[in-house]
Amino acid sequence: MKHNFGAGPCILPQEVFKQAAQAVLDFNDGLSILEISHRTSEFEAVVAEAEKLVKELLNVPSGYSVLFLQGGASLQFAMVPMNLLGDGQTASYLDSGVWATKALKEAKFVGNVNVVASSKEANYTYIPKDFEIPADSAYFHYTSNNTIYGTELFDVPATSVPVVCDMSSDIMSRVIDVSKFDLIYAGAQKNVGPAGLTIAIVKNEVLGKIDRKVPSMLNYQSHIDNGSMYNTPPVFSIYVALLNLRWLKSKGGVAQIEAENKAKAEALYREIDRNPLFKGTCKVEDRSRMNVCFVMENPELEKPFLKYAEENGIVGIKGHRSVGGFRASLYNALPITSVHALVEAMQLFEEKQA
Ligand code: PMP
């Protein structure tokens with residue numbers, strides 16, 4: 001078995017893979033999950049249970065809708081302003097990385113954008129702080145975990161305007177207070193399930209405030225009105241997400257996985273800080289628990305270390321091209337034993353260099 005530190009799509013629990021494989025062969029009474037209609041009562045039950053589990057696991061208050069959409073987080077970059085940014089209004093964005101930049105680029109197609117702060121000048125190695133969100137902003141948008149750079153914003157910035165958050169790479173990894181958000185979205189392919197599914201959690205009252213006519217597929221209200229079945233949903237992705245949500249619940253839920261995620265991240269950062277061959281790339285206080293980015297003091301050793309890690313079954317740790325070095329993603333399904341394997345490889349590599 002490989003230790004898969006890939007950034008997404010990424011490792012899911014082995015039992016989820018097995019159950020998903022079984023459902024491809026026989027989901028219900030000899031029929032594959034791939035051949036049933038999304039209008040069957042069996043699949044309606046899948047959507048209903050997945051929605052219930054998202055609400056239960058994240059403790060979603062009443063007044064919010066959970067939606068299963070397509071188009072990835074990238075389509076949300078456009079859907080958010082189309083639904084929330086009225087003519088002549090300005091939306092505020094925190095620029096904490098490339099995904100945030102892409103989100104605000106799409107908002108500019110729709111209306112005015114105010115960038116409250118950016119850490120671009122430091123290649124996004126920290127989360128900007130002490131910024132001001134104008135009280136007349138249509139909404140404030142930020143990315144809670146910057147997958148490429150390995151920074152994470154744990155506290156929801158204080159503001160009186162609606163808060164929209166791209167949680168693609170840390171949703172379900174830690175306890176959040178959903179009531180502080182008006183819209184949360186996430187591409188599923190990290191902690192929720194396989195690619196092809198996007199989750200949105202929308203506070204119902206934030207919708208319907210602007211005059212723009214939005215095409216039905218891009219309108220949150222059409223998906224709410226049709227229970228995520230406005231058109232054919234990604235049946236298999238939703239089913240696998242359901243299996244994964246069941247797994248998370250059976251493990252004790254988000255608080256339990258958060259404790260495990262903390263332990264995994266601490267173990268790896270401890271080694272990065274101890275081992276003289278390696279160094280972290282981000283400001284310590286902003287370090288992500290999901291994506292741990294690091295480089296080597298001697299860049300010439302990076303290729304040999306990557307090869308050495310791969311020989312030991314460690315895959316997916318090559319850093320994103322805009323940061324270089326390494327990125328170890330520690331999503332929910334990655335067991336701590338995989339982190340121990342990486343730490344051991346770093347230690348043995350250090351000994352080899354001595
Ligand atoms: N936002 C973040 C934080 C991401 O990590 C990613 C992809 N990894 C995206 C947005 C884009 O997601 P998608 O590929 O689902 O459009």
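Structure data summary
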| quantity | calculated |
| --- | --- |
| Chain lengthening between residue 26 and residue 52 when straightened (0.36 nm per residue, less Cα-Cα) | 7.0 nm |
| Inter-centroid distance (Cα atoms) of region 65-102 relative to region 171-236, Å | 11 Å |
| DSSP-defined antiparallel bridges as percent of all bridges, region 81-176, nearest 5 | 15 percent |
| Rounded, prolate or oblate (a/c below 1.5 giving rounded, otherwise prolate when a/b exceeds b/c) for region 297-354 by Cα gyration tensor | oblate |
| Within region 59-91, backbone nitrogen closer than 20 Å to the virtual label 7 Å beyond the Cα of residue 160 toward Cβ | 85-86, 89-91 |
| Local electrostatic count at residue 81 - Lys and Arg +1, Asp and Glu -1, tallied over other residues with Cβ under 9 Å | 0 |
| Gain upon complete extension [residue 250, residue 59; 0.36 nm per residue less C-alpha separation] | 67.2 nm |
| Euclidean distance of C-alpha centroids, region 276-347 and region 150-165, integer Å | 27 Å |
| Set 209/251; 203/251; 264/307; 251/352 screened for pairs whose C-alpha atoms are more than 32 Å apart | 209/251; 251/352 |
| Residue-averaged [θ]222 nm for the chain, counting only DSSP H segments that reach four residues, each worth -39500 (n - 2.57) | -11500 deg cm²/dmol |
| Cα pair distances exceeding 19 angstrom across region 253-353, given as percent | 38 percent |
| Average Cα contact separation per residue, the chain, under 8 Å, 6 or more apart, as relative contact order % | 23 percent |
| Global form of the chain, assessed from the alpha-carbon gyration tensor, a/c cut-off 1.5 | oblate |
| Given charges at Cβ of Lys, Arg, Asp, Glu: the chain dipole, positive-most of 191, 92, 298 | 298 |
| Charge sum, other residues only, whose C-beta stays under 14 Å from residue 273's C-beta, Lys/Arg counted +1 and Asp/Glu -1 | 0 |
| Of all DSSP beta bridges in the chain, antiparallel share, percent nearest 5 | 60 percent |
| Added length on full extension, which subtracts the Cα-Cα distance from 0.36 nm per residue, residue 1 to residue 175 | 59.6 nm |
| Residue among 324, 208, 97 with the largest mean-square fluctuation in a Gaussian network model of the chain, springs linking Cα atoms under 10 Å | 208 |
| Magnitude of the charge dipole, the chain, Cβ model with Lys/Arg +1 and Asp/Glu -1, debye to 20 | 320 debye |
| 13 Å beta-carbon shell around residue 316, net charge (K/R +1, D/E -1) | +3 |
| Length-normalised contact order for region 230-354 - Cα pairs under 8 Å, 6+ apart - percent | 24 percent |
| Three-way shape call for region 1-70 based on the alpha-carbon gyration tensor, with the a/c threshold at 1.5 | oblate |
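Read the figures in this text as sums done on the coordinates, not as results from a lab. No experiment lies behind these values; they were computed from the predicted model shown. Virtual Cβ from ideal backbone geometry, glycine too; neighbours counted across all protein chains shown.
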